[in-house]
DNA sequence: GTCTATACTTGGATAGAC
DNA sequence: GTCTATCCAAGTATAGAC
């Protein structure tokens, strides 16, 4: 590893600490109710530390949002499936459900998303960042539309409105942000099991 | 109508105006980002008017929340179904989907719900109010659990975990709060049609 | 019952010491 | 790179006129 890469990583580590603390605060109380002092306090520091790395609370929020989206994409990138197109879609749903439970803290912030800043006074740079975040979300939803399209094309799923169906499937899984709170000491296996039962319910219908 | 009932209705009308304006503001920007001045401005008034009827912004929020829940229950109360238990469940889902679209403004506030105040300094009275609101939500979810139970008992639906299934069904419909925005001039028929397509997707599964 | 004017608090952001 | 001290803007709530 080069000297500069080491430097970048070290700097990234400090930021990652701040991002993690901010994610917890934003998750618990929401963006607007969270004070920069709250984030600092969670780190056992003062806000001088935050403002050394971030020029504003908004900037910090954007980084938490990016991390949340990155984790969702990472979960999808890790999906492997030997079966057909329908099996692949199900595996993707399963991975997404697990990701929503595991990265609950970050995904709650993603859900607050751009909405939080839509009506605020924003600088041109902030507007550009917001456009990027929205594009990234659309891209993510696109992964599932493609997978459902493929399953329909393969004759493995009854044809139906793809756009609506994907919104319903993802909505069902993402609503966990409202009702699910991780228990202390919950294992990965328990989360995977809950995710399985959720996905089974979604694909079964009524 | 008695004199006192007339009086109560008149007073209620003034409050209803404020509640409607507050719902729009809370929907657009969220509770914390909404200033009492914003609500007043939307009424073409100043905040003196708000504080004459409500002792705090929190109190106003609770009234908006109550109105949102009342509309959800009203939609369910209006459900009539001649068919079996499964048909009845589907009719309930349809009514709920339409309600979520039609009363989008209020239901967005309901979704912000108690979460917004969970970590705030609250008075004993506020905590009592919050407990009431939570109980009301649980009661609402209970309507759907009972309906699904009945459909399973009647052999019209494949047995499955009722609690999880209801959370997935309602989650799929409620996630509309995140992606749906009513278009100007959208008709009730168009909303009903969208609701139908949503419910069809949910009950069909994958 | 609503307005204007204002008191008071909170909280984002900065400056300069260490 | 982080802390302490501080500035200043924003926003909740109140007092008193009309």
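Put a label point 7 Å from Cα along the Cβ direction on residue B:161, then list its distances to the equivalent points in the other copies in nm, shortest first.
3.0
Taking neighbour counts of Cβ atoms within 10 Å as a proxy for exposure, in what order, fewest first, do B:108, B:187 appear?
Sorted ascending by nearby Cβ count, the order is B:187, B:108.
Going by alpha carbons, how many degrees (0 to 90, nearest 10) lie between the helix axis of A:57-77 and the longest principal axis of chain A?
So the inclination is approximately 30 degrees.
I'd like the distance between the alpha-carbon centres of segment A:115-147 and segment A:57-80, rounded to an integer number of Å.
Computed from Cα coordinates, the inter-centre distance equals 12 Å.
In nm to one decimal, list the spacings between the residue A:16 label point and its equivalents in the other copies, with label points set 7 Å along Cα to Cβ, shortest first.
5.7
Taking a ≥ b ≥ c as the square roots of the Cα gyration tensor eigenvalues, with a/c under 1.5 meaning rounded and otherwise prolate when a/b beats b/c, else oblate, which class fits the protein assembly as shown?
Values: a/c = 1.80, a/b = 1.04, b/c = 1.73.
Cα axes put the protein assembly as shown in the oblate bin.
At a 10 Å Cβ-Cβ cut-off, how would you order A:101, B:133, A:60, fewest neighbours first?
By the 10 Å Cβ count, ascending: B:133, A:101, A:60.
Roughly how tilted is helix B:3-29, in degrees to the nearest 10 and between 0 and 90, from the longest Cα axis of chain B?
The angle comes out near 80 degrees.
Note the angle between two axes, namely the Cα long axis of helix A:188-204 and the longest principal axis of the Cα atoms of chain A, as a number of degrees from 0 to 90, rounded to the nearest 10.
Once rounded, one gets 50 degrees.
Could you work out the helix-only [θ] at 222 nm for the protein assembly as shown, with each DSSP H run of four or more residues adding -39,500 (n - 2.57) and the total divided by the number of residues, to the nearest 500 deg cm²/dmol? Mind dumping the intermediate values first?
On the way: 20 runs with 306 residues, N = 412.
Taken over the protein assembly as shown, the calculation gives -24500 deg cm²/dmol.
With a point put 7 Å past each Cα toward its Cβ, work out how far residue A:87 is from residue B:71 in nm, to one decimal.
4.6 nm
Compute the Cα gyration tensor for chain B, then decide on rounded, prolate or oblate, letting a ≥ b ≥ c be the square roots of its eigenvalues: rounded whenever a/c is under 1.5, prolate when a/b is larger than b/c in the other cases, and oblate in all that remain. Before the final figure, lay out the partial values.
Values: a/c = 1.91, a/b = 1.79, b/c = 1.07.
Taking the square roots of the gyration eigenvalues as a ≥ b ≥ c, chain B is prolate.
Neighbour counts of other C-beta atoms within 10 Å: give me B:202, A:166 arranged from fewest to most.
In order of increasing Cβ crowding within 10 Å: A:166, B:202.
For segment B:96-197, just say rounded, prolate or oblate: build the C-alpha gyration tensor, square-root its eigenvalues into a ≥ b ≥ c, call rounded for a/c under 1.5, and beyond that prolate if a/b exceeds b/c, oblate if not.
oblate
Quick one: label points 7 angstrom along Cα→Cβ at residue A:184, distances to the other copies in nm, smallest first?
Reported distances to equivalent positions: 5.4 nm.
Determine the relative contact order of chain B: mean sequence separation of Cα pairs under 8 Å and six or more apart, normalised by residue count, in whole percent.
It rounds to 23 percent for chain B.
Each value in this text was obtained by applying a stated rule to the coordinates, not by laboratory testing. Every value quoted in this text rests on a predicted model; they were computed, and no experiment measured them. Methodologically, a virtual Cβ is constructed for each residue, glycine included, from the backbone with ideal geometry; neighbour enumeration extends over all protein chains shown.
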